[in-house]
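S.K.: Next up is a structure, given as C-alpha cells.
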Amino acid sequence: MKYGIYFAYWEKEWDADYIKYMKKAKSLGFDILEISCAALAHASLHDLDQLKSAASEYDIELTAGYGPSPSENLGSPDPEIVKHGLTFYQDILQKLEYLNIHILGGGIYSYWPVDYSKPVDKEGDWLRSVENVRKVGYIAGECGVDYCLEVLNRFEGYLLNTAWEAKKFVREVDIPSVKIMLDTFHMNIEEDSIPQAIHTAGELLGHFHVGENNRRVPGKGSLPWHTIGCALRDIGYDKAVVMEPFVMNGGRIGQDIRLWRDLSQRGNEETLDQDAAGSLSFLRHVFSGPHHNN
C-alpha cells in the first residue's frame, strides 16, 4: 500500500498552493498528495505543467478528490445539469490524464454536500446516476483513471451510504474503471462492521480514505485500526490509503465539512505536521501486521 494525505488538512479554503503541499507531504514521509479537482476546472496548460513538473521534482504521486456542485449532478432529473456534468467530467478526466493522476474519488455520482431542504428521489436519482456514471466511467477508462464512488454518511449523501449499496451500484454500471471508495469516517456512522464492509467491497475497492471517528488523524480517536488493516490485507488491497483529517474550523472547508470547533487543539503548522507524520508512522505499523482472518 501507498500512503497519502489530503491537502485540505492544512487549509481552510479549497483553493490552495498544491506545490507547497507536495513538498510538505514528501518531507513528512507520504507517498501521495491528494488534491481537489476544484482547482483544475479553470486550470490553464501552464498551471497543469507546473503541477506536473513539481510532482516529478518531489517524486510524489498525486490522486484527486471532488465534491461536485449541484450543477454537476449526474443523477439530476434536469437534462441540462446532466449535460453540464458530463462536459465537466470529460474536461477534468482529460486533465487528470495529462497530470498522470490515475485515481479520482468522491461523491462523483451525485453532488455534495446534499441540500436536504429539497425532496429526495433516491430511486430515480439512482437510475439516472447509473446511466450517466456509465458514460463518464467509459471516458475515465480511456484516460487511465479509476473513477471511485465514495460511500458517504446519511448527512452528506443519500445514494450510497453503505458498501453493499455501492457494490450493487457499481455492478449495475458495469464499467471496469468504476470502483468503490470507502472512508473510515463515513463507515463508522453507517456500517454495522467496518471490516465486513471492506470485505463486501472486495476486489471492487479502488480507493481508501482514513480518518478518525472525530475527523482527527488516525490514532487520535476510537476506530479499530488493527482490524481495519487486517480486513484490507484479507482482500489483497494494495492501492492508495489517503489520510483525510479535518481539524481546523473556519473558512469554506470548515463550513462544508460542518466543523464548528477547533479540533487541532490550537495547533499551528508545525504541530499539524507532527501529528500527520506520527499518524503515518502509526498506520504503516498497524496496516503491515501479520495476516489473519476476522
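S.K.: Filter segment 261-294 for residues that are exposed (fewer than 12 other Cβ atoms within 10 Å of the Cβ) and within 15 Å of ARG216 (Cβ to Cβ) and give the result.
M.R.: Passing the criteria: ARG261, GLN265, ARG266.
S.K.: Does TYR98 meet the test of being open to solvent by less than 50 Å² (accessible area, probe 1.4 Å), of a type in the set (Phe, Trp, Tyr) and in contact with a helix residue (DSSP H, G or I) (Cβ under 9 Å, 6 or more places away or on another chain)? If you could, list the steps in order and put the result at the bottom.
M.R.: Values: open to solvent by less than 50 Å² (accessible area, probe 1.4 Å): no; of a type in the set (Phe, Trp, Tyr): yes; in contact with a helix residue (DSSP H, G or I) (Cβ under 9 Å, 6 or more places away or on another chain): yes.
No; evaluated as a whole, the condition is false for this residue.
S.K.: Between a residue in segment 226-239 that is closer than 18 Å to PHE282 by Cα and part of a helix (DSSP H, G or I) and any residue that is of a type in the set (Gly, Ala, Ser) and modelled with pLDDT of 95 or more, which pairs come within a Cβ distance under 8 Å, given they are 6 or more apart or on different chains?
M.R.: Sorted first by the residue in segment 226-239, then by its partner, the list stays empty.
S.K.: If you don't mind, there's one more thing I want to ask. Can you name the residue in segment 127-144 that is outside any loop (DSSP other than H, G, I, E, B) and small (Gly, Ala, Ser) and, of all such residues, is nearest to VAL114 (Cα to Cα)? Break it down stepwise before answering.
M.R.: Our first condition is that a residue be outside any loop (DSSP other than H, G, I, E, B); within segment 127-144, this holds for 127-142.
Going one step further and asking which of them are small (Gly, Ala, Ser), we end up with 129, 137, 140-141.
Values: SER129: 15, GLY137: 22, ALA140: 24, GLY141: 27 Å.
Filtering segment 127-144 for residues that are outside any loop (DSSP other than H, G, I, E, B) and small (Gly, Ala, Ser), the one nearest to VAL114 (Cα to Cα) comes out as SER129.
S.K.: Can you list residue pairs whose Cβ atoms sit under 9 Å apart, with the first residue in segment 246-259 being acidic (Asp, Glu) and the second being at pLDDT below 90? Count only pairs 6 or more apart in sequence or on different chains.
M.R.: ASP256/TRP14
S.K.: In the list ARG128, ARG154, which residue meets the criterion of being of a type in the set (Lys, Arg) and within 20 Å of GLU212 (Cβ to Cβ)?
M.R.: Values: ARG128 fails: within 20 Å of GLU212 (Cβ to Cβ).
None of the other options fit; the residue is ARG154.
S.K.: Determine, yes or no, whether GLY67 is under 20 Å from GLU172 (Cα atoms) and among the small types (Gly, Ala, Ser). So that I can check it myself, show each step before the final result.
M.R.: Numbers: under 20 Å from GLU172 (Cα atoms): no; among the small types (Gly, Ala, Ser): yes.
Here the answer is no, as GLY67 does not meet what is asked.
Rundown of residues vs (1) among the basic types (Lys, Arg); (2) at pLDDT 95 or above; (3) over 21 Å from VAL210 (Cα atoms); (4) surrounded by 15 or more Cβ atoms within 10 Å (Cβ to Cβ), yes/no style:
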residue	(1), (2), (3), (4)
SER53	no, yes, yes, no
ASP59	no, yes, yes, no
SER71	no, yes, yes, no
PRO79	no, yes, yes, no
PHE88	no, yes, yes, yes
ILE92	no, yes, yes, yes
ILE103	no, yes, no, yes
ILE108	no, yes, no, yes
VAL120	no, yes, yes, no
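S.K.: How about segment 155-169: which of its residues are open to solvent by 10 Å² or more (accessible area, probe 1.4 Å) and out of contact with any His (no Cβ under 9 Å at 6 or more places or on another chain)?
M.R.: Initially, segment 155-169 is screened for residues open to solvent by 10 Å² or more (accessible area, probe 1.4 Å), giving 155-156, 158, 161-162, 164-165, 167-168.
Within segment 155-169, PHE155, TYR158, THR162, TRP164, GLU165, LYS167, LYS168 qualify.
The values are calculated or read from the model by the stated rules, or taken from the named source; none is laboratory data. A quick note: this is a predicted structure, and the numbers were derived from the prediction, not measured. Please note: Cβ atoms are built from the backbone with ideal geometry, for glycine as well, and neighbour counts cover all protein chains shown. Surface areas here come from the heavy atoms of the whole protein model, side chains and all, with no ligands, DNA or RNA. Shrake-Rupley method; radii C 1.70, N 1.55, O 1.52, S 1.80 Å.
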